[in-house]
1. So residue 333 clears everything in (1) under 19 Å from the mean Cα position of the chain (by Cα); (2) in a loop (DSSP other than H, G, I, E, B) except one condition, right? Which one?
2. Within region 285-310, can you find the residues that are within 16 Å of the ligand (Cβ to nearest atom), in contact with a Leu (Cβ under 7 Å, 6 or more places away or on another chain) and assigned to a loop (DSSP other than H, G, I, E, B)?
3. For residue 102, all conditions in the list (1) surrounded by fewer than 22 Cβ atoms within 10 Å (Cβ to Cβ); (2) among the β-branched types (Val, Ile, Thr); (3) in contact with a Pro (Cβ under 8 Å, 6 or more places away or on another chain) hold save one; what is the number of the exception?
4. Can you name every residue in region 248-284 that is assigned to a strand (DSSP E or B) and surrounded by 17 or more Cβ atoms within 10 Å (Cβ to Cβ)?
5. Between a residue in region 6-34 that is within 13 Å of residue 231 (Cα to Cα) and any residue that is within 15 Å of the ligand (Cβ to nearest atom) and among the acidic types (Asp, Glu), which pairs come within a Cβ distance under 7 Å, given they are 6 or more apart or on different chains?
6. Of all residues in region 67-77 being in contact (Cβ under 8 Å) with a residue 40 or more places away in the chain and surrounded by fewer than 20 Cβ atoms within 10 Å (Cβ to Cβ), which is nearest to the ligand (Cβ to nearest atom)?
7. Which numbered condition trips up residue 302, out of (1) in the same structural domain as residue 416 (by TED's automatic domain parsing); (2) surrounded by fewer than 23 Cβ atoms within 10 Å (Cβ to Cβ)?
8. Determine whether region 342-365 contains at least one residue that is assigned to a helix (DSSP H, G or I), surrounded by 15 or more Cβ atoms within 10 Å (Cβ to Cβ) and not β-branched (Val, Ile, Thr).
Amino acid sequence: MTRAGAGRDPRIVIIGAGPTGLGAGYRLDELGYDDWVLLEAGDRVGGLATSFVDEAGFTWDIGGHVMFSHYDYYDRLVDRLMGGEYSTLDREAWVWMEDRFIPYPFQNNIRDLEPQTVFDCLMGAIRAAAAADTAPPPADFGEWVTQTMGDGIGRHFMIPYNFKVWATPADRMSFNWIGERVSVVDVEALLRNVLFDKPEKRWGPNSTFTYPLRGGTGHLYEGMRRFVEHKLELGTRAVAVDPVARCVTTADGRTFPYDVLLTTMPLDALVPAVQGAPDAVRAAATRLTSSGSHIVGIGVDRPTDSDKNWIYFPEPDVPFYRVTYLSNYSPYITPQPGQLALLTETSHSAFKHEDPDTIVDRVVDGLVRTGLLTDEDRGRIVSRWHCAPAQSYPVPTVERDEALGTIQPWLRAQDIWSRGRFGGWLYEIGNMDHSAMQGVEFVDHVLRGEPETVWIPRGEGAAGAGIR
Ligand SMILES: Cc1cc2nc3c(=O)[nH]c(=O)nc-3n(C[C@H](O)[C@H](O)[C@H](O)COP(=O)(O)OP(=O)(O)OC[C@H]3O[C@@H](n4cnc5c(N)ncnc54)[C@H](O)[C@@H]3O)c2cc1C
């Protein structure tokens, strides 16, 4: 098997055994290709899609992960790995605000809010619709919200909620990541909802999703391990890349020569590690920003008393932006039947400080304040799990695409493919299915000359194939 134009099989090095690196390794194994190695800094596979079983026996993910796919290949992969061993769930997503639950998406279900809030949202949306033809192009996410949804929905939900998720002010964020991620307001649907009591819950790509019956989200990626085991180097952190000598140096002093490099390490760590990277590329990498998370799981020794899957929290009185009823996903999430598992997510950044020492207590207080737990439940808590990934969301800032437009073409010119959630730094293709498919398509492109369809190029060569 020979790469188009090359005289021999290329030696492939992959950095990172998260979904992207595993997707590449799985595909290489499927094609029977032999000349590759997979380097992973940690002691397990799965990256941000790993699951953990805590000392009390609860299974936790690094934040609410649900599986939905845009790709047939990924669907077949999931079927092959999990057989029938997964739950299929209809999304029960809700928003908690003004001391009540309203169905998600908020902007289609405002009827249950306070009359003043309903009025603000309606009037804002009507004004936005009336101005739609004459409004100048929005400069940032905040302006986009006002122009497409109105200032009422912006003020009451979109701006505070998105600040809690991204830990980034709306005027620093762009809006070109939105695509299918945000439900855009339709004034007629809004009026129907308010006047005729028409709830709208089936919006978006994850309105139905699956979840592994056992082992949490990470079970899927643990299942991929057997296809890459023979090429997997755990505990092997890449610390330098020499694009002239074409080799990766690892923290233990070994070197791994390559012809083609697939890296999934965060771009802002990769670029400084590539020897000879031009100043402009280095400077661009410092302009990429991300948020970190405190993921706190609370296990309670009493039955789950809700059929909700997850709840969004836009208001600032509780730290988390989302809580998942993980015990509703599978009966095997909790060590004993009849227990409750609540998985909470709180983001942080330079714009939004969250004290790591108090976060678990503040999460419990927030769960009590919002009625998900009672005061008596405090005494029934049997697990407090805390995990704090330093980077969890690649923020689509207004500067991002210009920075990527400087970084990406230079890396490609060195035969370095930086892909995946933080390798690509593109939230819009940062889910598990996107990531695994970027790994698969990297292999098909390098070995078979097939186009990458998931990847979104920025900068030179960005026009044309690949942009969706
Ligand atoms: C809070 C949260 C919620 C999410 N929810 C969903 C969801 O509901 N549905 C969904 O589909 N996706 C979801 N995701 C996204 C999903 O986790 C990612 O798509 C996926 O993990 C990205 O895979 P990756 O391989 O690109 O990167 P990662 O998972 O980050 O893996 C990268 C790997 O590279 C390794 N590595 C890094 N640096 C080095 C180095 N120098 N040398 C060697 N190895 C290195 C890391 O240890 C890691 O194992 C969520 C993510 C988060 C954070």
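The values are calculated or read from the model by the stated rules, or taken from the named source; none is laboratory data. Fair warning: this is a prediction, and the values are worked out from it, not measured in the lab. Cβ placement follows ideal geometry from the backbone for every residue including glycine, while neighbour counts extend to all protein chains displayed.
1. (1) is the only condition that residue 333 fails.
2. 288, 309
3. Among (1) surrounded by fewer than 22 Cβ atoms within 10 Å (Cβ to Cβ); (2) among the β-branched types (Val, Ile, Thr); (3) in contact with a Pro (Cβ under 8 Å, 6 or more places away or on another chain), the lone unmet condition for residue 102 is (3).
4. 248, 249, 250, 256, 260, 261, 262, 263, 274
5. Pairs found: 16/40; 17/40.
6. Kept after step one, since they are in contact (Cβ under 8 Å) with a residue 40 or more places away in the chain, are these residues of region 67-77: 67-71, 73-74, 77.
Subsequent filtering for residues that are surrounded by fewer than 20 Cβ atoms within 10 Å (Cβ to Cβ) retains 68, 70-71, 73.
Details: 68: 7, 70: 10, 71: 12, 73: 15 Å.
Filtering first and then ranking leaves 68.
7. (1)
8. Initially, region 342-365 is screened for residues assigned to a helix (DSSP H, G or I), giving 359-365.
Subset that is surrounded by 15 or more Cβ atoms within 10 Å (Cβ to Cβ): 359-360, 362-365.
With the extra rule that they be not β-branched (Val, Ile, Thr), the set shrinks to 362, 365.
Yes, because at least one residue in region 342-365 is assigned to a helix (DSSP H, G or I), surrounded by 15 or more Cβ atoms within 10 Å (Cβ to Cβ) and not β-branched (Val, Ile, Thr).
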